[in-house]
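> Below is a structure I'd like to ask you about.
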Amino acid sequence: MKTTVILIRHGHSGANLPEHSELIRGRTFLPDADLTDMGRQQIDYLIGYLRSKQYDWSSAAIYSSPIKRAALTSRRLCTNLDILPQNLVEIPELTEIGQGIWNEKPRTEVYSPKNMQVIRRFAPLFRPPGNYPSNLDSIYADDSVINQEFYSNGGESIADVSVRSNSYLRSVLDRQSHNIVLLVTHLWPLKTLLSYGGRFGSVDETSIAIKELQDGKPVGDIKRRYLLGLELAMSARRFKIPHAGCYMLEWDHKRKDLELDLTPAYIPTTHYTY
């Protein structure tokens, strides 16, 4: 038995307008932003493509981020693909990356030459965790370097996003409830889902290694943990995922294996920004 997994980025929204392009944008950036006219058109084009696949959409389920731009995308898909309303579920594990105190700050401030020098020198991608600098720019908390990636006070690392999004998808697939699963989410969850898909079978084990804490510090398989971070950091950034674009995957329940094609199945013809 196989399950078709369709990964979808939400349509273009007010949070993606050019005037915001130089700001750090996480899940708390304009969470109530509506879809733009272009975003709605993108979704309609995507619906046309998905209808052409002639799937039995009555057996499909949609799992969506609850943030408005994703929720509106998933509801439009649900209505126009004739997916049963009760099979649309909004899930916090699919929200965008949390940027903490970096949210809405200018990129030039967060990624200043001084801060980038600190990141390159101290990021635990390149050295074991534990020796954190105490003289970081005020934008960083002293303990902001942890779990393979720099993240701001109150924010998430790329590995954190990978753990929650990949673990949730695996739990959905293990239930074997639907032949078609659509995930409607955001840029960074999609990047990590695509980056980690080839090693999907070890998500559960890795999530334990990353998330287990003792006295406020991560414990577990240190080598495994920051190797995962290195792989994610190097591979996730290469993906350029358009709004309302989608990737098609196949999950083989017998082999517990994900057949992953890193070429987008569909890209809208309308202009988009990343």
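The values are calculated or read from the model by the stated rules, or taken from the named source; none is laboratory data. Computed from a predicted model, the values in this text were never measured in an experiment. For neighbour counting, all protein chains shown are included, and Cβ atoms are generated from backbone atoms with ideal geometry for every residue, glycine included.
> Looking at the stretch 98-119, which of its residues are at pLDDT below 80 and in a helix (DSSP H, G or I)?
Across the stretch 98-119, the qualifying residues are LYS114, ASN115, MET116, GLN117, VAL118, ILE119.
> In the stretch 1-23, what residues are of a type in the set (Ser, Thr, Tyr) and crowded, with 16+ Cβ neighbours inside 10 Å? Step through it out loud before you land on a result.
Going residue by residue through the stretch 1-23, those that are of a type in the set (Ser, Thr, Tyr) are 3-4, 13, 21.
Within the stretch 1-23, THR3, THR4, SER13 meet the criteria.
> Moving to a separate point now. Does at least one position in the stretch 179-195 carry a residue that is part of a helix (DSSP H, G or I) and modelled with pLDDT under 75?
Yes, that holds for at least one residue.
> For the stretch 69-84, which positions are part of a helix (DSSP H, G or I) and of a type in the set (Asp, Glu)?
none
> For the stretch 61-94, what are the residues that are of a type in the set (Gly, Ala, Ser) and either more than 21 Å from the chain's Cα centre (by Cα) or over 19 Å from LEU173 (Cβ atoms) (or both)? So that I can check it myself, show each step before the final result.
Residues of the stretch 61-94 that are of a type in the set (Gly, Ala, Ser), as a first pass: 61, 64-65, 70-71, 74.
Once the filter is applied, which keeps residues that are of a type in the set (Gly, Ala, Ser) and either more than 21 Å from the chain's Cα centre (by Cα) or over 19 Å from LEU173 (Cβ atoms) (or both), the stretch 61-94 yields ALA70, ALA71.
> Let me ask another. For LEU23, are the conditions met, namely being of a type in the set (A, V, I, L, M, F, W, C), touching a residue at least 60 places away in the same chain (Cβ under 8 Å) and under 29 Å from GLN176 (Cβ atoms)?
Details: of a type in the set (A, V, I, L, M, F, W, C): yes; touching a residue at least 60 places away in the same chain (Cβ under 8 Å): yes; under 29 Å from GLN176 (Cβ atoms): no.
The answer is no for LEU23.
> For the stretch 1-42, enumerate the residues that are assigned to a strand (DSSP E or B) and within 30 Å of LYS256 (Cβ to Cβ). Talk me through it step by step, then tell me what you get.
Our first condition is that a residue be assigned to a strand (DSSP E or B); within the stretch 1-42, this holds for 2-9, 13, 23, 35.
Listed by number, the residues that qualify are LYS2, THR3, THR4, VAL5, ILE6, LEU7, ILE8, ARG9.
> Quick check on this structure: which one of TYR45, TYR55 is aromatic (Phe, Trp, Tyr), assigned to a helix (DSSP H, G or I) and touching a residue at least 12 places away in the same chain (Cβ under 8 Å)?
That would be TYR45, the only listed residue that is aromatic (Phe, Trp, Tyr), assigned to a helix (DSSP H, G or I) and touching a residue at least 12 places away in the same chain (Cβ under 8 Å).
> Let me ask something else. Could you tell me whether any residue of the stretch 52-70 is polar (S, T, N, Q), within 30 Å of GLN176 (Cα to Cα) and surrounded by 15 or more Cβ atoms within 10 Å (Cβ to Cβ)?
yes
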